[in-house]
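Undergrad: Attaching a single structure in structure tokens format; questions to follow.
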Amino acid sequence: MYIQTDTGAMPVGPVVRVFRLPRASTSRVTFNKRRKYIRKILFESQDKCYYCGCRVHEREKDLLPIAAIDHKTPLSRGGTNCIDNLVLSCEKCNGEKGNLTAEEYLASKSKGGY
């Protein structure tokens, strides 16, 4: 049995499965959903850094450090973009933390590593 394609006839077996790939946009987090995540994180953290407790702000205002959304477990170490893995941090702590997990960073910070 043969199926006619753009490049000619192609032989096929007795079963042909036709499927459609999901659109790329379905796997992305939409802008509105991302904004909702950020608002939830800001509300739950009461505008304080998860790591050092300093007050932070969404934008540069009143000389407060700028907030950053950080992954407790970095994506490079198997973390996800799930809301449970996201926390609010100041730029300083976010930069110092780098590729460490939240637990590793807090342990090194308490030992005086940072």
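Only the coordinates and a few stated rules stand behind these numbers; no lab work does. These numbers were taken from a predicted model, which means no experiment stands behind them. Cβ placement follows ideal geometry from the backbone for every residue including glycine, while neighbour counts extend to all protein chains displayed.
Undergrad: Using the basic label-point model (7 angstrom from Cα toward the beta carbon), what is the Asn99 to Arg77 distance in nanometres?
TA: Distance between the two pseudo-spin positions: 1.0 nm.
Undergrad: Evaluate the distance, in nm, between pseudo-label points positioned 7 Å from the Cα of Ile38 and of Thr7 along their respective Cα→Cβ axes.
TA: Going from the Ile38 label point to the Thr7 one covers 4.5 nm.
Undergrad: Here is a follow-up. Can you work out the FRET efficiency for the pair Lys109 and Asp84, with r the C-beta to C-beta distance and R0 = 22 Å, to the nearest 0.05?
TA: With R0 = 22 Å, the Cβ-Cβ based efficiency is 0.50.
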